[in-house]
Each structure stands twice: as C-alpha cells, then as structure tokens.
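The values are calculated or read from the model by the stated rules, or taken from the named source; none is laboratory data. Note that the coordinates shown come from a computational prediction; the quantities given were computed from them, not determined experimentally. Cβ atoms come from the backbone with ideal geometry, glycine included; neighbour counts cover every protein chain shown. Ligands, DNA and RNA are excluded from the accessible area calculation, which covers all protein heavy atoms including side chains. Shrake-Rupley method; radii C 1.70, N 1.55, O 1.52, S 1.80 Å.
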Amino acid sequence: MTVPETERLQFMQDMQTALSHTPKRISSKYFYDEAGSALFDRICDLPEYYPTRTELSILQTHAIDISNCIGEHADIIEFGAGSLHKIRLLLNAANHPARYVPMDISRVHLPAACLTLQNEFKDLNIVPMVADYTSEWQLPAAMRDAGKRVAFFPGSTIGNFSPLQAHAFFTQCALHLRGGALLLGVDLIKSPDILHAAYNDSQGVTALFNSNILKRSNRELGSDFDLSQFIHSAFYNAPLQRIEMHLLSLKSQIVNLNGVAYAFEQGETLHTEYSHKFTVSGVQKAAQLAGLQPGAFWTDPQQYFGLLWLNIPYTQQPFSR
Ligand code: AVI
C-alpha cells in the first residue's frame, strides 16, 4: 500500500523532531499502518489484554439501558471507528437511529468496513467521515443542528491522549454535539500486575506492535534502525496513572535518517505511547472542565473498565473556561 506523500512527509518531520530531542518521543498514531493495525487486532484477542473483551461485555450487558439513553432517531457518531465491531452491539439495540457516522483518519479501511455493516443493517443511513478527531473537526453541514447527536468513543483511546489533548477533545465534543452526549470507554485503575501483564504479553505481540514503528520508519522514511538493538519496555507509572511504552536502545548506537546521524546512548529510549488509566470521578471532572455533565456509568463486575455517559448541554455559545 503506497502512503500519500503528505502523510509520509509529516511522519518524516515528526521522526526527525523525535530523534533530535531529549527525551526522544514519537506519537503513538504512527503505530497504525497496515501491519500495526493487524498487530493491534491480535492484541485485542490476547488473554492478558482485558480492555476489549471487558468493554464488549459491558456493551452486551447494558445495551438496552444505553440505547434508552441514546433515545430515538439520534445521529450516532463513532470516533476511530476502525473495524466497526463494537458499534454493532449498540446498533442492534438502538431505537431507529437517524444516521450512523463512523469517523476515522484511515480512508483505506473505512469504505470496506461500512459496506459490510450496510449489508447487516440494510435500513441504516451510514455517513462515513474521513477526519482526524484528535484535532479540530466539523460534522457535515446537514447534521450540524439537526436532531440529537450522540458520539461513541470506545476502547479507552482517550488514554493515549495527554491531559491537554483530552481537554481539547472534550472541548470539540462540547462544541459540535450540543444538546447531545458522549459515550466514553475508559480503562480504570487496577492492580499494577494486571496492567503490566496487559502491556507485556507472553506471546510478545505488544513488543512487535511497539517495534513496528521502527520497521515502518525504515520502510517509509529510509532510516536504518537496527531492530535487534531496541527492545520493548512497558511499565506502569503509578504516580502519573499511566502505562508508558518505550523502545530501549541496548547499546550506544547511531541511527541515520534523511542524511542526518542521530545518537542513542545505551539505555536511552524512544517513547512511543502513554496509556492513561482513570478513576470515574477523574474522567468526569476532566469532562466537566470542558462543559460536559456526568450521567450514567456502566462497568463490569471486576470494575476493570468503564463506560461513561456525558451529557452535553445545549448552549448558544460554545462553553469556555
Ligand atoms: C488503542 N489503545 C487504547 C491501546 C491501549 O491500550 O492504550 C493501544 C495499545 N498499546 C499497547 N497495547 C494496546
């Protein structure tokens, strides 16, 4: 699959910036090329990686309750729709949704996924939207003030945002979903052992997923990362309530990218991902700062994962602090 030149140039710029700073840090969005997305699908099925199956079980158990909150004839928007797997559970219980709007940055997978979904839900009006929900976005003009808009953001992907990015995301929701709501999936704080195992699986799939970013850089940008000299490192940073994923350099070495040599010390890391873990009240407070109002909350018996309903009041003016 050829990568559009603008995306390749952005990756080049971000990798150059990452390698020339201390500490070195690249956005986790670069995990998700074709190979990375396939590896993430494998992660979701791993015995140690509880979030996906737990969120699915909560959706299964509470689908009717959630669909009552959504109400009739709502527009349902999904951020980062991917394979459109989780939404099926909501659509099965939904009360004649007006439209389903899967929003995803990938223009490659969205059309095929929508086609499959359309075959299952013949009467559903599907309006796919290629957009980056991590920055500013707009709904199609016909939807801006028509009906109730409910957005679904599953998977605890919000945990991969920094607190500032999460605030910007909530603010965009407050602006574009006025009078509606956000249904948000979050991974809850739990024993560090369980968290550690989820990001250090015994089959080494998460390690492959992490190092795929170097492989991708070598293929798309022509860098010469020696994959045998970087190892996967993932640990729970308890004070900051997050898993941190890094690629750790086993020796002092040089990596060449676009004619420039970048040095790694032995033990130095390229930071690749934050995965924040939450308390329910913590997320509710963060959402409130952007004008969202806490509503219902659903969880599993072990309280590993939470689905939060956040109301978005109708205001003439966008909420500001
Ligand atoms: C997509 N995101 C919510 C996953 C997570 O758990 O933070 C990505 C992931 N990283 C390692 N394993 C899974």
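List every residue pair whose Cβ atoms sit under 6 Å apart, with the two residues 6 or more apart in sequence or on different chains, where the first one lies in region 79-106 and is closer than 21 Å to HIS176 by Cβ and the second, anywhere, is among the charged types (D, E, K, R) and open to solvent by 30 Å² or more (accessible area, probe 1.4 Å).
Close Cβ pairs (under 6 Å, with a partner that is among the charged types (D, E, K, R) and open to solvent by 30 Å² or more (accessible area, probe 1.4 Å)) amount to ILE105/ASP132.
Only one residue in LEU9, LEU110, LEU84 is more than 16 Å from the ligand (Cβ to nearest atom) and modelled with pLDDT under 95, so which one is that?
Numbers: LEU9 fails: modelled with pLDDT under 95; LEU84 fails: more than 16 Å from the ligand (Cβ to nearest atom).
Just a single option satisfies the conditions, and that option is LEU110.
Exactly one condition in (1) crowded, with 23+ Cβ neighbours inside 10 Å; (2) in contact with an Asp or Glu (Cβ under 7 Å, 6 or more places away or on another chain); (3) farther than 30 Å from GLU265 by Cα is not met by VAL186; state its number.
Evaluating VAL186 over (1) crowded, with 23+ Cβ neighbours inside 10 Å; (2) in contact with an Asp or Glu (Cβ under 7 Å, 6 or more places away or on another chain); (3) farther than 30 Å from GLU265 by Cα leaves (2) as the failure.
Scan region 26-57 for residues that are aliphatic (A, V, I, L, M), farther than 18 Å from ILE158 by Cα and touching a Phe, Trp or Tyr at 6+ places or on another chain (Cβ under 8 Å) and report the count. Break it down stepwise before answering.
Taking region 26-57 and keeping what is aliphatic (A, V, I, L, M), we get 26, 35, 38-39, 43, 46, 56.
Those still in the list that are farther than 18 Å from ILE158 by Cα too: 35, 38-39, 46.
Next cut, touching a Phe, Trp or Tyr at 6+ places or on another chain (Cβ under 8 Å) only: 39.
Of the residues in that region, 1 qualify.
When you scan region 135-226 for helices (runs of 4 or more DSSP H) that lie fully inside it, which ones turn up with 2 or more residues that are farther than 25 Å from GLN284 by Cα and touching a Leu at 6+ places or on another chain (Cβ under 8 Å)? Spell out how you get there, then give the answer.
Numbers: elements: 163-176, 192-198, 205-221.
Where helices (runs of 4 or more DSSP H) fall fully within region 135-226 and carry at least 2 residues being farther than 25 Å from GLN284 by Cα and touching a Leu at 6+ places or on another chain (Cβ under 8 Å), they are 205-221.
Got a sec? Which strands (runs of 3 or more DSSP E) wholly within region 229-307 have at least 1 residues that are among the hydroxyl-bearing types (Ser, Thr, Tyr)? It would help to see each step written out before you state the result.
Values: elements: 230-237, 242-249, 253-257, 260-264, 269-276, 293-299.
By residue number, 230-237, 242-249, 260-264, 269-276, 293-299.
Tell me, yes or no, whether region 273-288 has at least one residue that is more than 29 Å from ALA234 (Cβ to Cβ) and either at pLDDT 95 or above or crowded, with 16+ Cβ neighbours inside 10 Å (or both). Break it down into steps so the answer makes sense when it comes.
We begin by selecting, within region 273-288, every residue more than 29 Å from ALA234 (Cβ to Cβ); these are 288.
From the residues that got through so far, the ones that are either at pLDDT 95 or above or crowded, with 16+ Cβ neighbours inside 10 Å (or both) too are 288.
For region 273-288, residues more than 29 Å from ALA234 (Cβ to Cβ) and either at pLDDT 95 or above or crowded, with 16+ Cβ neighbours inside 10 Å (or both): present.
Of the conditions (1) hydroxyl-bearing (Ser, Thr, Tyr); (2) surrounded by fewer than 16 Cβ atoms within 10 Å (Cβ to Cβ); (3) out of contact with any strand residue (DSSP E or B) (no Cβ under 9 Å at 6 or more places or on another chain), THR171 satisfies every one except a single condition; which number is it?
(2)
List every residue pair whose Cβ atoms sit under 6 Å apart, with the two residues 6 or more apart in sequence or on different chains, where the first one lies in region 42-67 and is without any contact (Cβ under 8 Å) to a residue 40 or more places away in the chain and the second, anywhere, is in a helix (DSSP H, G or I) and near the ligand (Cβ under 10 Å from one of its atoms).
So the pair list comes out as CYS44/THR52.
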